[in-house]
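Structure first, commentary second.
What follows draws every value from the coordinates through simple rules; no lab data is involved. Fair warning: this is a prediction, and the values are worked out from it, not measured in the lab. When we count neighbours, we look across all protein chains shown, and the Cβ atoms used for this are built from the backbone with ideal geometry, even at glycine.
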Amino acid sequence: MGLDPIALDLGFFQLRWYSLAYLAGIVAGWWYMLKLIDRPGAPMARRHVDDLVFFVAIGVIFGGRLGYVLFYRPEYYLANPLEIPQLWDGGMSFHGGVIGVSLGLLYLARKNGLNWLRIHDYVACCIPFGLFFGRIANFVNGELWGRPTDLPWAVVFPTGGEVARHPSQLYEAGLEGLALGFILWFLFWKTEARYQPGKLVGTFLLGYGISRFLVEMVRQPDVGLEHLWWGLSMGQTLTVPMILGGLYLIATAKGRRARVEPIAGGESVA
């Protein structure tokens, strides 16, 4: 399709679409978070949001990279440890990013005496922005493409040989970004889900897990990780704990209904 992964090339400086996708996801998530905490019953004050964005960004980058190293190519990076910090060469795991973000939010919550689970609920509503932009960048980069197909919308990717393939990146952008983002929007703005700690993040984990599990059926897995001995790809395997965890959080959310109290500055926290 003639797509170029480099958005701007000045010779001495290159700006890639993937970098812009990260930036767009963080900025959009920050903007939306400010909208969310303006509603009654927010689990944190506006002053906490800047720190939250920082910890989320760090968690995504470090957690995503280490997750890729450990889950997908441990033997390669064990032999080439100096390549682990080379983020520009690709290789990020969303599942690792989730772990990294959770640890960052746990530290933020304990440091400020906030409800860790309710903060996760609010952050979960913002993540679809990053997923959408990230998957579009994957498509532009011609990476993480799908299996061969003869469907009319199949795409020939430069790095995928001369066969037409599923544009699985676009499937994920639609499911994980748009569809899941709309579901979370509806639950937050049209129901009382934000007062039931764990319901929103549980919905995110369940929705992402199911979406990723299904797309993995048409996405080309990493070499050697297509069909593990238990019959699933690595990507599908990593979604199973997410699906189970999401179901648990949703099922138990009503029993954790938040007790909202005013805090300094007129905001509310539980």
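Assuming R0 = 22 Å, can you tell me the calculated FRET efficiency for the pair A154 and I6, based on Cβ-Cβ distance, to the nearest 0.05?
0.35
What lysines sit close enough to K35 to cross-link, taking a C-alpha to C-alpha distance under 22 Å and skipping anything fewer than 8 places away on the same chain?
K190, K199
Please report, in debye to the nearest 20, how large the charge dipole of the chain is about its Cα centre when each Lys and Arg carries +1 at its beta carbon and each Asp and Glu carries -1 there.
Dipole of the chain, to the nearest 20 debye: 1220 debye.
Most fluctuating residue of G202, G134, G41 in a GNM of the chain with Cα springs under 10 Å: which is it?
Top of the fluctuation ranking is G41.
Would you mind calculating the relative contact order of the range 54-143 from Cα pairs under 8 angstrom and at least 6 residues apart, reporting the percent as a whole number?
Relative contact order for the range 54-143 comes out at 34 percent.
When N counts the residues of the range 1-160, how does its alpha-carbon radius of gyration compare numerically with 2.2 N^0.38 Å, as a ratio?
1.19
Against the longest alpha carbon principal axis of the chain, how many degrees, from 0 to 90 and to the nearest 10, is the axis of helix 49-58 turned?
It works out to around 30 degrees.
Would you grab the residues whose amide H sits under 5 Å from the one on G146? Only those 5+ places off in sequence or on another chain, please, with H modelled 1.01 Å from N.
Result for G146 returns H166, S168, Q169, Q220.
Tell me, which longest segment in the chain has none of the chymotrypsin sites (Phe, Trp or Tyr not before Pro) that fall in DSSP loops with at most 14 further Cβ atoms within 10 Å?
The reported range is 14-152.
Would you mind checking the tilt of helix 17-37 against the longest principal axis of the Cα atoms of the chain, expressed as 0 to 90 degrees and rounded to 10?
Tilt of helix 17-37: around 20 degrees.
Out of F157, G134, T252, whose Cα points farthest toward the positive end of the dipole of the chain (charges: +1 Lys, Arg; -1 Asp, Glu; placed on Cβ)?
T252
Taking only C-alpha pairs under 8 Å that are 6+ residues apart, what is the relative contact order of the chain in percent?
Across the chain, relative contact order equals 21 percent.
If you wrap the range 15-269's Cα atoms in a convex hull and average its projection over all directions, what's the area in nm²?
Taking the Cα atoms of the range 15-269, their convex hull projects to 14.9 nm² on average.
Along the three principal axes, how long is the range 61-140 when you take its alpha carbons, biggest first, rounded to the nearest angstrom?
Here the spans come out as 42, 29, 17 Å, largest first.
Mind checking which of L144, Y171, T203 is farthest towards the positive end of the range 129-224's charge dipole, using Cβ charges of +1 (Lys, Arg) and -1 (Asp, Glu) about the Cα centre?
Of the listed residues, the answer is T203.
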